[in-house]
Amino acid sequence: MSEAFDCAKCSEALFGRKYIQTDSGPYCVPCYDNTFANTCAECKQLIGHDSRELFYEDRHFHEGCFRCCRCQRSLADEPFTCQDSELLCNDCYCSAFSSQCSACGETVMPGSRKLEYGGQTWHEYCFLCSGCEQPLGSCSFVPDKGAYYCVPCYEDKFAPRCARCSKTLTQGGVTYRDQPWHRECLVCTGCQKPLAGQQFTSRDEDPYCVSCFGELFAPKCSSCKSPIVGLGGGKYVSFEDRHWHHGCFSCARCSTSLVGQGFVPDGDQVLCQGCSQAGP
């Protein structure tokens with residue numbers, strides 16, 4: 001008498017029928033599928049033993065069900081991305097979720113190197129200085145009215161230039177005649193002494209320190225022979241082609257101040273009325 005050869009689940013004889021052998025015994029095809037087959041995450045049907053099965057993150061699919069949720073393209077042999085549990089081919093993912101490069105207008109592919117600033121995105125190789133057109137990469141840059149400049153180009157294009165040497169002023173500086181100057185460029189035309197923070201004057205638009213201006217251009221006091229520079233509120237008296245400091249304009253005999261008083265010229269000297277009338 002032959003030994004029974006039955007399905008381990010439904011106990012029906014398997015003689016002359018197709019079956020599948022497992023560690024727990026033989027199964028007829030229907031019982032095997034009902035017991036061991038996975039359910040397709042897409043169509044919710046069992047994935048039979050004779051179907052090609054694909055799986056991703058604990059989800060199983062028929063080969064024909066493993067496709068892009070937007071364009072229905074098969075993903076069996078294609079790169080894909082999962083977005084909020086949905087499977088997307090790269091084209092659909094890029095179209096829906098990737099940024100467009102602000103420079104070239106092409107898609108910035110997932111995983112590629114990119115730069116983001118002010119809500120915009122660029123391919124790394126598309127983010128260029130508007131001046132020298134070199135990639136800005138991780139360099140410092142300055143935005144200006146929709147353009148982007150590396151620091152040297154920005155300074156060269158927009159930074160104020162010294163009125164003397166024409167080079168850019170990156171920091172500090174002083175203003176003279178409504179123009180910017182490097183502190184080290186604002187010097188006396190006569191002695192080259194730095195004038196920044198010092199009292200100075202000018203002649204024919206050239207700056208001079210007080211000493212040089214007095215020596216070169218100021219009238220000389222007829223009494224003390226020193227320059228009359230007039231800076232800081234200095235006052236002087238002029239008569240014909242002669243000049244005096246207020247403090248020097250006094251009677252040559254009695255030294256009485258003649259400022260605001262009548263006086264009498266006496267050769268190279270000036271006398272008060274009293275000394276003039278007293279005679280020699």
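Report the accessible area of L216, computed with a 1.4 Å probe over the heavy atoms of all protein chains in place, in Å² rounded to the nearest 10.
My reading of the accessible area for L216 is about 100 Å².
What nm distance separates the two modelled labels at N38 and K18, each placed 7 Å from Cα along Cα→Cβ?
2.2
With no solvent and one point on each alpha carbon, what is the Debye value of log10 I(q)/I(0) for region 178-280 at q = 0.12, 0.14, 0.15, 0.23 Å⁻¹?
Values, matching the q order: -0.52, -0.63, -0.68, -1.14.
Ignoring ligands, DNA and RNA, how do F263, F66, F97 rank by accessible area with a 1.4 Å probe, largest first?
Most to least solvent-accessible, the answer reads F97, F263, F66.
To the nearest Å, what is the center-to-center distance of region 110-185 and region 244-280, using C-alpha atoms only?
So the two Cα centres are separated by 67 Å.
How big, in percent, is the set of alpha carbon pairs in region 34-135 lying more than 21 Å apart?
I get 50 percent for the Cα pairs in region 34-135 exceeding 21 Å.
Using the basic label-point model (7 angstrom from Cα toward the beta carbon), what is the S202 to C82 distance in nanometres?
About 7.4 nm separates the two model spin labels.
So how much accessible area does F15 have, in Å² to the nearest 10, using a 1.4 Å probe?
Surface accessible to solvent at F15 totals approximately 130 Å².
With every protein chain present, what accessible area does C132 have (1.4 Å probe, heavy atoms only), rounded to the nearest 10 Å²?
Using a 1.4 Å probe on the heavy atoms, I get roughly 60 Å².
Determine the equivalent ellipsoid of the chain by diagonalising the alpha-carbon gyration tensor, then write out the semi-axes as square roots of 5 times the eigenvalues, largest first, rounded to whole Å.
109, 16, 13
Hey, got a sec? Which trypsin sites (Lys or Arg not before Pro) in region 183-280 land in a DSSP loop and have at most 16 other Cβ atoms within 10 Å?
In loop regions of region 183-280 (DSSP not H, G, I, E or B), the sparsely surrounded trypsin sites (Lys or Arg not before Pro) are R183, K225, K235, R253.
Would you give the gap between the C-alpha center of region 3-34 and the C-alpha center of region 203-230, rounded to a whole Å?
Their Cα centres are 123 Å away from one another.
Go ahead and estimate [θ] at 222 nm for the chain from helices alone: -39,500 (n - 2.57) per DSSP H run with n ≥ 4, summed, over the residue count, rounded to 500.
Calculated at 222 nm, the ellipticity per residue is -3500 deg cm²/dmol.
What's the Cα-based Rg to Rh of region 14-59, Rh via Kirkwood?
With Rg and the Kirkwood Rh in hand, the quotient comes to 1.04.
In the chain, what percent of the accessible surface is made up of carbon and sulfur (1.4 Å probe, ligands and nucleic acids excluded)?
45
Loop-only check: which GluC sites (Glu not before Pro) in region 1-59 are DSSP coil with at most 13 other Cβ within 10 angstrom?
E3, E12, E57
Based on the Cβ-Cβ distance from K225 to R177, what FRET efficiency comes out when R0 is 51 Å, to the nearest 0.05?
Plugging the Cβ-Cβ distance into 1/(1 + (r/R0)^6) gives 0.95.
The values are calculated or read from the model by the stated rules, or taken from the named source; none is laboratory data. Quantities reported herein were computed from a predicted structural model and do not represent experimental measurements. Cβ: placed from backbone, ideal geometry, glycine included. Neighbour counts: every protein chain shown. We work out accessible area using only protein heavy atoms, side chains counted, and drop any ligands, DNA or RNA first. Shrake-Rupley method; radii C 1.70, N 1.55, O 1.52, S 1.80 Å.
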